[in-house]
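K.L.:
Mind having a look at this structure? Questions to follow.
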Amino acid sequence: MANRVAGARRAEILRAAAELFAARGYHGVSIEDLGRAVGTSGPALYRHFPGKEALLGAMLLDISERLAAQGAELAAAASGPGAALDALLRGHIDFALSEPALITVHDRELGNVPEPDRRRIRSLQRGYAERWVAVLAELRPGVPAETLRAGVHAAFGLLNSTPHSAGRLTPDRMSALLFRMGRAALLSATEDGAGP
């Protein structure tokens, strides 16, 4: 029970920190600001994280681990590569629509994460992207892996545009739009711009 409460408190702190870091930047947020956001003192946060750098590292490591695990589960459960691509897209779109602050923080603040955590985050992200590349390779045999990889990263840019685009449409309509656009972009990844 105590572990569950501590885990819930830790998750609450990470969510509040993501919102603050996205709004004001990592350097624009003090440990006292973080404490106030979750109804406690700044120093009380040290029971959960040794400092602000560690909190940022834990935040980005957590989302990287969650996406990697989700990607593995979705791809493994799919009936084939087309279904796997659709599942990966829907899973990532759900993340992008529900966690735009984390996308903003990752884009702006990864350089502030201590090196061992940053290496682990990058490794998880590479593995996640390679899962998409493997699925696309089944759907587009003969297309070089580097072309598919570039297409995956470009599609991530589209899907991760939600900090700028979310709110303009209802979540359902935005999700459907991102799915159609993401799928079209990914399946058009061919060598030298030739047709599929």
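The values are calculated or read from the model by the stated rules, or taken from the named source; none is laboratory data. In this text the structure is predicted, and so the values were computed from the model without any measurement. Here the Cβ positions follow ideal geometry from the backbone for every residue, glycine too, while neighbour counts run over all protein chains shown. Only protein heavy atoms, including side chains, enter the accessible area calculation; ligands, DNA and RNA are left aside. Shrake-Rupley method; radii C 1.70, N 1.55, O 1.52, S 1.80 Å.
K.L.:
Using a 7 Å offset from Cα along Cα-Cβ at Ala72, what residues in the stretch 121-164 end up with backbone N under 15 Å from the label point?
P.N.:
121, 123-132
K.L.:
Moving to a separate point now. Just the Cα atoms of the chain, one point each, no solvent: what log10 I(q)/I(0) does Debye give at q = 0.10, 0.12, 0.13, 0.18 Å⁻¹?
P.N.:
Log10 of I(q)/I(0), two decimals: -0.47, -0.66, -0.76, -1.22.
K.L.:
At 1.4 Å probe size, with every protein chain present, just tell me what the per residue accessible area of the stretch 92-196 comes to in Å². Please report the intermediate quantities before stating the final value.
P.N.:
Values: 5570 Å² over 105 residues.
For the stretch 92-196, the solvent-accessible area averages 53 Å² per residue.
K.L.:
Charges only on Cβ, +1 for Lys and Arg, -1 for Asp and Glu: so what's the dipole of the stretch 52-189 about the Cα centre, in debye to the nearest 20? The partial results should precede the final answer.
P.N.:
Values: 16 positive and 15 negative charges, 57 e Å.
For the stretch 52-189, the charge dipole is close to 280 debye.
K.L.:
Let me ask something else about it. Met174: accessible area at probe 1.4 Å, nearest 10 Å²?
P.N.:
The accessible area of Met174 comes to roughly 10 Å².
K.L.:
Roughly how far apart, in whole Å, are the Cα centres of the stretch 69-122 and the stretch 11-47?
P.N.:
The two parts, judged by their Cα centres, are 23 Å apart.
K.L.:
Quick check: at a probe of 1.4 Å, how many percent of the accessible area of the chain sits on carbon and sulfur atoms? Mind showing how you got there, number by number?
P.N.:
Working: 5460 of 10110 Å².
Taking all protein chains in place, the chain shows 54 percent carbon and sulfur surface.
K.L.:
Nearest 0.05, what FRET efficiency do Ala23 and Ala54 give at R0 = 22 Å with Cβ-Cβ as r? If you can, show how the numbers build up before the last one.
P.N.:
Numbers: r = 21 Å, r/R0 = 0.94.
The pair Ala23/Ala54 has a calculated efficiency of 0.60.
K.L.:
Then there is this: For the residue pair Asp86 and Ala176, what label-to-label distance in nm results when each label sits 7 Å from Cα along the Cα-to-beta-carbon direction?
P.N.:
1.5 nm
K.L.:
Stretched out fully, how many nm does the piece from Glu65 to Tyr46 gain, at 0.36 nm a residue minus the Cα gap? Each step should come with its number before you reach the end.
P.N.:
Values: separation 19, 0.36 × 19 = 6.84 nm, distance 2.28 nm.
Gain on stretching Glu65 to Tyr46: 4.6 nm.
K.L.:
Please find the FRET efficiency linking Leu187 to Val38, where r is the Cβ-Cβ separation and R0 is fixed at 45 Å, and quote it to the nearest 0.05.
P.N.:
Details: r = 43 Å, r/R0 = 0.96.
For R0 = 45 Å, the calculated efficiency reads 0.55.
K.L.:
How much accessible area per residue does the stretch 1-74 have, counting only protein heavy atoms and a probe of 1.4 Å, in square angstrom?
P.N.:
52 Å²
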